[in-house]
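The structure appears below as structure tokens.
Since every read-out is calculated from the coordinates, none of them should be taken as a lab result. This structure is a prediction, so every number in the text was calculated from the model and none was measured. Note that we place each Cβ from the backbone using ideal geometry, even for glycine, and neighbour counts take in every protein chain shown.
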Amino acid sequence: MRRPILPVVLVSLSVVSSPSHAAQAVELGKRYIDPAHGFSLRPPLDTVRRRGFSTARLVSWSRQEAKTGAILWTLSVRQVTTKDKQADLKKYSRELETRLTREKKFRVESVRIVPLAGKGAIDVKGITAGPIRLWERQVWILPEPGRFLIFAMAGPTDASKRLDKICSQILATVTLTDPKAAREQLAQNLARGRELLASLNDNKLSKAVTKEPQWFLLTHKGKDVGFMHVAESWGRLERMEGVTVKTCVMLQMPKDKRRVLRRSLFSTARGNFERWREHLLVGGGPAAVGTTEEGLKKADMIVCGITRGGNSSTRKKKVPKSIYLPRAIGWQMFRLVDLTKPARYAFASYASLENNFDMRTFAVIGTEKIATVRGEVQAVRATDQAAANTEPATLWLSPDGKLLRMKSADGLVMNASARGAVLRRYPKAKAVVSAPTGHKK
């Protein structure tokens, strides 16, 4: 239960993995994108990701032993700067080997210059120092003058051959982009988002509320896999006036457990008070696993509690007020931005599991005709990117901002549908939607 509002269908519920190939050392997951640092790659599936909280350590993934939680191996991305803006790789590789040997006590086994993402890179393999010696491979590449990105994999020495294959498989997916252009674009997008949030008031937000509930059918590769129900209202919660959005999503992918996610989201127009409750149920019967998240934002502080399997945790986070997007307002975003001209809007959205903020970007692309059950209609094409490190969903909206269709990067499609059409396909949909959740007024 990580991403807010619309892309929840893609991130919290969708389990659409890439095809498995016998020649692969490991199955890879979705592409991780870091535009601010100029790279992307596909990490292995079934790993735990941790984003870095320093300028040097950017992100890492670890594979853990299922029963004990012990870390089997890690993949990390770091960056270092160098005074030599146009570093000669052969010369730098010799200096790097010397430095690793003398300062890190790293036992270098090989150093090569190899191609990576259309550039040359320094590929170092060896054994780490310390009481527990690990095999490690480091690949250094210059995405821009004066800055190295380091892709590193480390694990037990007796697994070095397999880890080497896994590392090569991941490196083959690495792409490089211009981080300077991305940072400039983000600054412009945040400025538009900040301006939009500052313009909101009760009158403007209440007019964006859709009075009639909305139903959607979910498909994947042409087959029905679930439905979504959305109900919006304007009213009071704890003496505060604002918008309430209640959603229910049921997803049943082939050969996977059924997932039902219910959300109740409330926010004032100014975003000074926000409350949400989310419940994700995976599977059915006694073996079903439930996760509940409850969050509260007052002024500039978020307090969020997560309960799963009897274990609870609470985290707090200070909010970047001028760019923070409340979850309920995120659903109204399509009706608040100007859909008549291309533009991008960026906001900070709270990622509860990491207790951090993602950059959510909504982009208006242009108009195009699409086929619907009611015939061909003129729609506004847009994209909604839940975080900078994920691929965006594509949206088709009516001119007044109602969602007609959404398609995720991995092929999950959500089409606006009549209530009767959903109930014919899923007779128990009404009962699923009516299950208790949300806030008591």
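Ranked highest first by the average count of other Cβ atoms within 10 Å around their residues, in what order do 249-261, 93-105, 294-306 fall?
Put in order of decreasing packing, that is 249-261, 294-306, 93-105.
Using the alpha-carbon centroid of each, what span in Å lies between the range 416-437 and the range 360-394?
25 Å
Ranked highest first by the average count of other Cβ atoms within 10 Å around their residues, in what order do 113-120, 398-405 fall?
Packing proxy ranking, top to bottom: 398-405, 113-120.
Under the definition of Cα pairs under 8 Å and six or more residues apart, what whole-number percent is the relative contact order of the range 301-415?
16 percent
What value, in deg cm²/dmol to 500, does the helix sum -39500 (n - 2.57) over DSSP H runs of n ≥ 4 give at 222 nm once divided by the residues of the chain?
My calculation for the chain gives -5000 deg cm²/dmol from helical runs alone.
When the chain is treated as a GNM, springs tying every alpha-carbon pair under 10 Å, which of 347, 106, 39 comes out with the largest mean-square fluctuation?
Taking springs between Cα atoms under 10 Å, the residue moving most is 106.
Which order results if 83, 430 are arranged by neighbouring Cβ count within 10 Å, fewest first?
Fewest-to-most ranking of 83, 430: 83, 430.
How far is the Cα center of the range 29-75 from the Cα center of the range 123-195, in Å?
10 Å
Just need the relative contact order of the range 39-176 here, percent rounded to a whole number, with Cα pairs under 8 Å and 6+ apart.
25 percent
Any idea what the relative contact order of the chain is, in percent, if you count C-alpha pairs under 8 Å spaced at least 6 apart?
13 percent
Between residue 226 and residues 5 or more places away or on another chain, which pairs have amide H atoms under 5 Å apart, with H built 1.01 Å from N, and which residues are they?
Amide H neighbours of residue 226: 218, 252.
Note down the Stokes-Einstein diffusion coefficient of the chain in µm²/s, whole number, using a Kirkwood radius over alpha carbon pairs, 37 °C, and 0.692 mPa s.
138 µm²/s
Between residue 168 and residue 252, how high is the FRET efficiency from 1/(1 + (r/R0)^6) when r is the Cβ-Cβ distance and R₀ = 60 Å? Nearest 0.05.
0.95
Straight-line reach from residue 90: which lysines fall under 27 Å, measuring Cα to Cα and dropping same-chain residues less than 8 apart?
Correct list for residue 90: 104, 105, 119, 125, 161, 165, 180.
What do you get for Rg/Rh of the range 184-434 when both radii come from the Cα atoms and Rh is the Kirkwood radius?
On the Cα set of the range 184-434, Rg over Rh gives 0.95.
Could you run the Karplus curve 6.51 cos²θ - 1.76 cosθ + 1.60 with θ = phi - 60° over the range 62-79 and give me ³J(HN,Hα) per residue in whole Hz, x for Gly and Pro?
Each residue of the range 62-79 in turn: 9, 9, 10, 6, 4, 7, 9, x, 5, 6, 8, 7, 10, 10, 9, 10, 10, 9 Hz.
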